[in-house]
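Laboratory data are not the source of any read-out in this text; all were calculated from the coordinates shown. A quick note: this is a predicted structure, and the numbers were derived from the prediction, not measured. Cβ: placed from backbone, ideal geometry, glycine included. Neighbour counts: every protein chain shown.
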Amino acid sequence: MLQPHIHLDDSIQAPCALMPGDPKRVDVIARFLDHVQELTFNREYRSILGEYKGMKVIGISTGMGGSSVAIAVEELNKIGTRIQMRVGSAGAM
């Protein structure tokens, strides 16, 4: 089922997601992945799909604030992505 905010569904079949806040940082993640493809961009949620050492990985931005991250985490769980790592700078800086 297509998720309402991240606009992804379980056909992606990626077990891992790297989650920066800023959509521009998704480009940085893409440099470390093979076979990168742009997926969606809805509001703060920009996503790509690629491979790292043969494992499918989603790079998806979450915007600012805990509620935006919570939405991404919930919707990623619903499509089967169980490993989710927040990456980027510390917001307190």
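The phi torsions of the stretch 42-48, fed into the Karplus equation with coefficients 6.51, -1.76 and 1.60 and a -60° offset, translate into couplings of 10, 6, 7, 9, 9, 9, 10 Hz, rounded to whole numbers, with Gly and Pro shown as x. Computed from phi, the 3J(HN,Hα) profile of the stretch 25-38 under the Karplus parametrisation 6.51, -1.76, 1.60 (θ = phi - 60°) reads 6, 4, 5, 5, 4, 4, 5, 9, 10, 9, 6, 6, 9, 6 Hz, with x in place of Gly and Pro. Here the Karplus relation 6.51 cos²θ - 1.76 cosθ + 1.60, evaluated at θ = phi - 60°, turns the backbone of the stretch 9-22 into coupling constants of 9, 6, 5, 5, 6, 10, x, 10, 10, 9, 10, x, x, 7 Hz, with x for every Gly and Pro. Our summary gives the chain a relative contact order of 37 percent, counting only alpha carbon pairs under 8 angstrom and 6 or more residues apart. Counting only residues at least eight positions apart within a chain, or on another chain, the lysines with an alpha carbon under 24 Å from that of Lys24 are Lys53, Lys56. Return the loop-located chymotrypsin sites (Phe, Trp or Tyr not before Pro) in the chain (DSSP other than H, G, I, E, B) with at most 12 other Cβ atoms within 10 Å of their own Cβ; answer none if there are none. Loop-located and lightly packed - Phe32. Diagonalising the gyration tensor over the Cα atoms of the stretch 5-48 and scaling each eigenvalue by 5 before taking the square root yields semi-axes of 15, 14, 9 Å, largest first.
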